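The values are calculated or read from the model by the stated rules, or taken from the named source; none is laboratory data. Computed from a predicted structure; not experimentally measured. Every residue, glycine as well, gets a Cβ built from its backbone with ideal geometry; the counts of neighbours run over all protein chains shown.
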Amino acid sequence: MTASKTTTTSNGVARIIADGNAAKATIFDQFSLKGQVGVVAGGAGALGLESALALLEAGATVYITDISAPEKLREEYKAVEAFAEQSGATLHYVQGDITDKAFAESFCQSISAKEGRFDFAVLANGWLHTDTPILEITQDVWEKSQLINTTGTLLLSQAAAKEMKKFGNGGSLLLYASIAGIRVQRAAPNKHHSWAAYAASKAACHQLTRNLAVELAKDRIRVNSISPGQFWTPMTNAMLGTNPELLQHWSTCNNPMGRLGRTDEVRGVTVYLCSSLSSYVTGTDHIIDGGMVLW
């Protein structure tokens, strides 16, 4: 039995042979998101904001949603907002709670109605609590972890995918999972905190990604995840700034590269997975951790 053959090729070597014009299009054109529209949930956070900026730079119209009131946004957000204004990019901020199904649906529907398309959704929402051993994790902490990290991700994924289906052009869902959902996060020496609630919620995101990918493939909606390792963010800075021992442990002992990640190091993967360059990529997880899962 022979494999089926693609009948048309729009890029790469076959296109150059067919067109006889190597300059007609380049790989950089495939990275472009010009004219596309999408959302970044948790976009006021460090990794979400970096994702939003990268998508803006690639030419997309970006709607950020987060729980924070506009007047309480960090200076980093204001800098991205200023960049968008100066460069002619289109950035919108909508305060809201994606764990509220009604908000998730109305938010996505309003974007479709205004823009006439819906191309991608980046789910960078998250909440972390690691202050107690596993036997002392409270039900409230457990349920909040699942609500924000898993339920909110599901609700906005559902709402975004429904809008993508309306237009029939496919789309991309990108879920922020975590290496905590892949391997057990070790506490620093002499520390007894647990990542269990966070880890369980992010492990659920991995399986949610796979199930969404299978069920939405017929609609040409691709679904992938990113699993960041340990990055310099306001959240980690709050943990490490008062704990030199933990800082030393995270910075030198946790991965082969011997450092924490920079938030800008998620940019390339984000744009790739939202662009046409990843048109045959779905149901995959992309680990950005300096090799931490190898140890």
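Looking across the stretch 243-263, the residues that are part of a helix (DSSP H, G or I) and surrounded by 13 or more Cβ atoms within 10 Å (Cβ to Cβ) come down to 246, 247, 248, 249, 250, 251, 263. One residue stands out among those in the stretch 52-72 that are outside any helix (DSSP H, G or I) and modelled with pLDDT under 95: the one that is surrounded by the fewest Cβ atoms within 10 Å (Cβ to Cβ), which is 69. Going by the structure shown, is residue 185 of a type in the set (S, T, N, Q) and either outside any loop (DSSP other than H, G, I, E, B) or within 20 Å of the chain's Cα centre (by Cα) (or both)? So residue 185 fails the test. Restricted to the stretch 69-94, and to residues there that are touching a strand residue (DSSP E or B) at 6+ places or on another chain (Cβ under 7 Å) and not hydrophobic (A, V, I, L, M, F, W, C), the residue that is farthest from residue 272 (Cα to Cα) is 70. When you scan the stretch 211-231, do you find a residue that is assigned to a loop (DSSP other than H, G, I, E, B) and at pLDDT below 95, even just one? Yes, some residue in the stretch 211-231 is assigned to a loop (DSSP other than H, G, I, E, B) and at pLDDT below 95. Residue check: residue 105 meets all listed conditions (1) farther than 27 Å from residue 230 by Cα; (2) in contact with a helix residue (DSSP H, G or I) (Cβ under 6 Å, 6 or more places away or on another chain); (3) not in a helix (DSSP H, G or I) but one, namely (3).
Annotation note: Cβ proximity below 6 Å between a residue of the stretch 201-229 that is touching a residue at least 60 places away in the same chain (Cβ under 8 Å) and among the hydroxyl-bearing types (Ser, Thr, Tyr) and a residue that is in a strand (DSSP E or B) and crowded, with 23+ Cβ neighbours inside 10 Å (sequence gap 6+ or interchain) occurs for 209/175; 209/223; 209/225; 225/175. Beta carbons closer than 9 Å, at least 6 apart along the sequence or on distinct chains, pair a first residue in the stretch 124-139 that is farther than 30 Å from residue 224 by Cβ with a second that is modelled with pLDDT under 85 and loosely packed, with under 15 Cβ neighbours inside 10 Å for 132/192; 133/192. Being in a helix (DSSP H, G or I), touching a strand residue (DSSP E or B) at 6+ places or on another chain (Cβ under 7 Å) and β-branched (Val, Ile, Thr), is that true of even one residue in the stretch 130-152? No: zero hits.
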